[in-house]
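The values are calculated or read from the model by the stated rules, or taken from the named source; none is laboratory data. No experiment lies behind these values; they were computed from the predicted model shown. Neighbour counts are summed over all protein chains in view; Cβ atoms, including those assigned to glycine, are modelled from backbone coordinates with ideal geometry.
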Amino acid sequence: MIIKFLFAAIKAGVPLLFGTTGEILSEKVGNLNLGVEGMMFMGAFCGFAVGYYTDNVFLAILASAGAGMLGALLYAVLTVTLRANQNVTGLTLTIFGSGFASFFGELLIKNSVDGTPKLSSDFVAGLAEKSIPVLGKIPVVGKLFFSHNPIVYLAVFIAVICGVYIKYTKSGLNMRAVGENPATADAAGINVSLVKYIHIIISGGICGIGGAYLSIINGGGVWNNSCVNGQGWIAVALVIFAGWSPFKAILGSFVFGGFTVLQFYIPKSTVNLPNAFYVMLPFLVTIFVLVVNSMQKSKKHAQPASCGENYYREER
Amino acid sequence: MSNRVEKKIKEPFIRIEKRADLSSKVKWLLYTSAFFTAIVVGGIFLLAVGVNPLKAYGKIVEGAFRSKMAVEATIKLAVPLLISSLGITLAFKMKFWNIGAEGQIIMGGIFSTYFALFHADWPHFVLMTVMLLAGILGGGLWAVIPAWFKTKYGTNETLFTLMLNYIALYLIKYLTEGPWKDPEASGFPKIASFEANARLDKIFNVHAGWLIGLLLVLAVYAYLKYTKQGFEISIVGESQNTARYAGMNVKGIVVRTLFLSGAICGIAGMCQVSGAAFTLSEGVAGGVGFTAIIVAWLARLNPFIILVITAGFSILEKGCSVMQSTFGISTAVSSILQGIILFVILAFDFFSSYKLVIKKQKKGGAKNDY
């Protein structure tokens, strides 16, 4: 029972992990992108559509990343080059992205045979849960960690790469400098705009894959216009919970994934809490973490200093 | 993009320079051209999905105004957007990034729904007044929470208000499935429809929310421009240190302003439940709180321009609802067009505070101003 719950928690946490890792990259260069939900929607649709028409898992994932990147590029042009307000631009991206997915989703539904666009069984089989040889045989651990669908490993892999990159590499240090104090970074010879562009765009690609996970795997191979359904916003919350560290985001997203499936595993006879409480839980926990962090005033778990503000070189 | 000058000094081909204040004539020109560019880009999108843009735009305007009922529906859409944009304006003026309008609308709705459900027998006028006050209280308190933490511990308000939106949303879910569930409803749990006594009166066939909205436009304008408190808000927004030096109670001002900001959003919630939906459901705010942020910001926090932009958004929203029947494309086209228009305006906005200076190729010093 517990293993089943933890397994489900990991599964539910994966899209959050994509979104969170992406958003961390963006916030680390000083851009609070509230468009995660929108980029995930764009990725969700493009991933699904390409999967539907080509039957190729690789192309589908690539398309979802591409769609997310396109959304992020729009955001980057507006906030970095044209210095538009980040909150407003992000929210616009979310409105645009969700409209994009339902608009073209509707077209997909109309063009499908019986009104329900469904991925081929071969395609779904390619993404089925598989036990990794040898490792999957280990009791408990094998079931928990080594018998997932391939995208789960991709999510963890990307998060680890990003974590190592941010913490231990030179360009990771540069990006952090840009996020903390762009004027200083600029004076040190870092091309602030370029660094911002690169990371915001990659961040969008990662979010896009998260969207594809929701539409392709969570949706059971059938398109649903509202497949992202607020997961992007939970990811924004998770960034705080994870203290802007991709490593902690791995654990955090599985914890949050646990919250979302918790209500199906706690028998109503023992603890009778309303369902609404469980869906509210991630947000309550996030506020708690946010408040505690601000009380401690710790630099370590704080948002990058320049986050939310655009950099005007001429105004130093 | 850099261009080598003889003495090996690199000077970028295009430089960005801060602009002095624009004359209002140039500003109008800028925004009109932004608007038309947006229409053209939106048209290209429509063309790409196989719809004649001229016909589509015509249909949108026609859809919003074709009948008395359509006009009424357009106004109904505009009311919550207008009121909550005004609410947000107060907070934004203080540079307090309240993106929790969605939650504040919901809390206003919840508080006033309580009286509609359990005290529907009160005299109509009393009930309406109490519901309005309840809406004000609900929205206001919901905004005071992050404001208090911001002043006390410096807690990030953008993220805090964002999270509160979802807590408010799921509070409705709880009430719908739990204590306020309509026992007579079969199938999906829902909250009972309000009795006639608990419904907002109609003025010219549309619920009184539109009048409240218009009055609030004047009130917010006057409050910001002519009162001492309005002055304090703009000082705190410009520089908290200046405000402190002048002896202002910054914390008090922040909390008070946020109460007002949330309270106005709460009024929007009250109008929605008692005037439009006649019940409380999870769709009570339906993203209006987020759109309101964009409206307030586009209007540069000017209440009268907010009125204009709200009208434009509502026409677009209502007009797009006929796109499905006429062109067979999803009504989601309204979100896409909204997105495109906003992106273009955001881009053009750059030119209102900056100008590009292009260096002439041969003579090193000469500049061309754009």
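Restricting to region A:242-261, name every residue that is over 14 Å from the mean Cα position of the chain (by Cα), within 28 Å of A:Y168 (Cβ to Cβ) and either within 13 Å of chain B (Cβ to nearest Cβ) or assigned to a loop (DSSP other than H, G, I, E, B) (or both). The answer is A:G243, and nothing else.
Of the listed requirements (1) under 20 Å from B:C265 (Cβ atoms); (2) of a type outside the set (A, V, I, L, M, F, W, C); (3) outside any helix (DSSP H, G or I), B:P183 misses just one: (1).
So for region A:140-153 (the condition being small (G, A, S) and part of a helix (DSSP H, G or I)), does at least one residue qualify? Yes, region A:140-153 has at least one match. Only a single criterion out of (1) outside any helix (DSSP H, G or I); (2) under 16 Å from B:L162 (Cα atoms) is not satisfied by B:I294, namely (1).
Looking across region B:204-234, just one residue is surrounded by 17 or more Cβ atoms within 10 Å (Cβ to Cβ) and among the charged types (D, E, K, R), and that is B:E232. Meeting the requirement of 3 or more residues that are within 25 Å of the chain's Cα centre (by Cα), the helices (runs of 4 or more DSSP H) wholly within region B:194-259 are B:209-226, B:228-238.
In region A:249-278, the residues that are farther than 17 Å from B:K173 by Cβ reach residues that are assigned to a loop (DSSP other than H, G, I, E, B) and at pLDDT 85 or above with C-beta atoms within less than 6 angstrom, at least six apart or across chains, in these pairs: A:A249/A:A242; A:G252/A:A242. Looking for something of a type in the set (A, V, I, L, M) and in contact with a Cys (Cβ under 8 Å, 6 or more places away or on another chain) - is there at least one such residue anywhere in region A:218-235? Looking for residues that are of a type in the set (A, V, I, L, M) and in contact with a Cys (Cβ under 8 Å, 6 or more places away or on another chain), one finds at least one in region A:218-235, hence yes. Residues being polar (S, T, N, Q) and more than 30 Å from B:F350 (Cα to Cα) are entirely absent from region A:79-87.
Just to be sure, is B:L133 farther than 18 Å from B:E102 by Cβ, assigned to a helix (DSSP H, G or I) and free of Cβ contacts under 8 Å to residues at least 40 places away in the same chain? Considered against the rule, which asks whether it is farther than 18 Å from B:E102 by Cβ, assigned to a helix (DSSP H, G or I) and free of Cβ contacts under 8 Å to residues at least 40 places away in the same chain, B:L133 comes out as yes. Quick check, is A:N56 modelled with pLDDT of 85 or more and facing another protein chain (nearest Cβ under 7 Å)? It is false that A:N56 is modelled with pLDDT of 85 or more and facing another protein chain (nearest Cβ under 7 Å). For the residues A:V285, A:V292, A:V236, the requirement of being within 12 Å of chain B (Cβ to nearest Cβ), surrounded by 21 or more Cβ atoms within 10 Å (Cβ to Cβ) and either within 28 Å of B:Y153 (Cβ to Cβ) or touching a residue at least 12 places away in the same chain (Cβ under 8 Å) (or both) singles out A:V236.
Note on region A:131-168: residues that are farther than 19 Å from A:Y213 by Cα, of a type in the set (G, A, S) and modelled with pLDDT of 90 or more total 1.
Is one or more of the residues making up region A:176-197 at pLDDT 90 or above, farther than 30 Å from A:R313 by Cβ and buried (at least 24 other Cβ atoms within 10 Å of the Cβ)? There is no residue in region A:176-197 that is at pLDDT 90 or above, farther than 30 Å from A:R313 by Cβ and buried (at least 24 other Cβ atoms within 10 Å of the Cβ). If you check B:G154, B:G140, B:G100, B:G108 for being out of contact with any Leu (no Cβ under 8 Å at 6 or more places or on another chain), buried (at least 17 other Cβ atoms within 10 Å of the Cβ), closer than 28 Å to B:G252 by Cβ and assigned by TED's automatic domain parsing to the domain that holds B:G286, only one passes: B:G108.
For region A:99-122, the set of residues classified as among the hydroxyl-bearing types (S, T, Y) and either facing another protein chain (nearest Cβ under 7 Å) or surrounded by 22 or more Cβ atoms within 10 Å (Cβ to Cβ) (or both) consists of A:S102 only. Restricting attention to region B:186-203 and to residues that are aliphatic (A, V, I, L, M) and under 15 Å from B:I110 (Cα atoms), the residue that is surrounded by the fewest Cβ atoms within 10 Å (Cβ to Cβ) turns out to be B:A192. For region A:75-98, the set of residues classified as farther than 9 Å from A:G38 by Cβ, at the interface with another protein chain (Cβ under 7 Å from one of its Cβ atoms) and modelled with pLDDT of 90 or more consists of A:L78, A:T89, listed by residue number.
Might you let me know whether region B:301-324 holds any residue that is modelled with pLDDT of 85 or more, in a loop (DSSP other than H, G, I, E, B) and more than 9 Å from chain A (Cβ to nearest Cβ)? Checked region B:301-324: at least one residue is modelled with pLDDT of 85 or more, in a loop (DSSP other than H, G, I, E, B) and more than 9 Å from chain A (Cβ to nearest Cβ).
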